[in-house]
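Colleague: Sharing a structure, written as structure tokens. Questions coming.
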Amino acid sequence: MPYAVISSPIGDLTLVGSDRDELVGLYMEQHRHQPAVETFGPRDDTILPKVVHQLTEYFAGERTTFDVPLAPIGTPFQQEVWTALQDIPYGTTTTYGELALALGKPLSASRAVGLANGKNPISIIVPCHRVVGSTGSLTGYGGGLPRKQALLDLERRDALF
């Protein structure tokens, strides 16, 4: 799987593509669950131009949804959680418990939802940053809490206009 590295307002982002031009991974610098770069194919900063374009629009406040082909790799439960993340509206947040209930799971599944959320391989586009703790507090984020806050601030600012 080839990969590209692009610059963004929150630091360099590593994009991993499939052989069918699907986004398999989007990782931030020092991302907690990022596979080692050596496991990717060759670096090619020309891959996934639609992803790069849409991320540029997102960071400029010109895009609130993404429509790029995705191919995240995970368990069926993780896939279910990652699909549900895409239903969280731009500029809003939900809790792990609310996400569990939206999936038809009991509130007690919020920890499992949180673990699946934390393994999301396609940050930003699959908006795991929009999930917060039950009190509204920021909780773990693979890219670090300062980046999570920056993404939420970007979306909240743009949602006001």
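Colleague: What is the residue count in region 69-88 for residues that are out of contact with any strand residue (DSSP E or B) (no Cβ under 6 Å at 6 or more places or on another chain), surrounded by 13 or more Cβ atoms within 10 Å (Cβ to Cβ) and not hydrophobic (A, V, I, L, M, F, W, C)?
Modeller: Qualifying residue count for the region: 7.
Colleague: Kindly establish whether Gly91 is in contact with a Lys or Arg (Cβ under 6 Å, 6 or more places away or on another chain), in a loop (DSSP other than H, G, I, E, B) and surrounded by 12 or more Cβ atoms within 10 Å (Cβ to Cβ).
Modeller: Judged against the criteria, Gly91 is a match.
Colleague: Name the residue, out of Lys148, Lys119, that is open to solvent by 60 Å² or more (accessible area, probe 1.4 Å), closer than 22 Å to Val51 by Cβ and in contact (Cβ under 8 Å) with a residue 12 or more places away in the chain.
Modeller: From the options Lys148, Lys119, the qualifying one is Lys119.
Colleague: Among the listed residues Val5, Val24, which satisfies the condition of being under 27 Å from Asp153 (Cα atoms), of a type outside the set (Asp, Glu) and touching a Pro at 6+ places or on another chain (Cβ under 8 Å)?
Modeller: Unique residue meeting the criteria: Val24.
Colleague: Now a separate question. How many residues does region 37-49 hold that are more than 13 Å from Asp21 (Cα to Cα) and open to solvent by less than 50 Å² (accessible area, probe 1.4 Å)?
Modeller: 2
Colleague: Still on this structure, please answer the following. Considering only region 132-140, I want to know if a residue exists there that is open to solvent by less than 20 Å² (accessible area, probe 1.4 Å), among the aliphatic types (A, V, I, L, M) and under 25 Å from Gly17 (Cβ atoms).
Modeller: No - not one qualifying residue is present in region 132-140.
Colleague: Looking only at region 12-28, how many residues end up being loosely packed, with under 15 Cβ neighbours inside 10 Å and within 16 Å of the chain's Cα centre (by Cα)?
Modeller: Total satisfying the criteria: 1.
Colleague: List the pairs whose first member sits in region 55-71 and is within 16 Å of Ser123 (Cα to Cα), whose second member is outside any loop (DSSP other than H, G, I, E, B) and among the basic types (Lys, Arg), and whose Cβ atoms are under 8 Å apart, counting only residues at least 6 apart or on separate chains?
Modeller: Close Cβ pairs satisfying both conditions: Val68/Lys50.
Colleague: Also, I was wondering about something else. Show the residue pairs that are 6+ apart or on different chains and have beta-carbon atoms under 7 Å apart, the first residue being within region 80-92 and at negative phi, the second being part of a loop (DSSP other than H, G, I, E, B) and open to solvent by 50 Å² or more (accessible area, probe 1.4 Å).
Modeller: Listed pairs, sorted by first residue: Tyr90/Thr64; Tyr90/Thr65.
Colleague: Filter region 50-68 down to the residues that are of a type outside the set (Asp, Glu) and either surrounded by 14 or more Cβ atoms within 10 Å (Cβ to Cβ) or part of a helix (DSSP H, G or I) (or both) and list them by number.
Modeller: Matches in region 50-68: Lys50, Val51, Val52, His53, Gln54, Leu55, Thr56, Tyr58, Phe59, Arg63, Phe66, Val68.
Colleague: Starting from residues that are under 11 Å from the mean Cα position of the chain (by Cα) and in a helix (DSSP H, G or I), keep the ones in region 98-154 and report whichever is nearest to Arg63 (Cα to Cα).
Modeller: The qualifying residue nearest to Arg63 (Cα to Cα) is Leu151.
The values are calculated or read from the model by the stated rules, or taken from the named source; none is laboratory data. Here the structure is a predicted model, which means the values were calculated and not measured. Cβ sites come from the backbone with ideal geometry, for glycine too, and all protein chains shown count toward neighbours. Heads up: the accessible areas ignore ligands, DNA and RNA and are worked out on the full protein's heavy atoms, side chains in. Shrake-Rupley method; radii C 1.70, N 1.55, O 1.52, S 1.80 Å.
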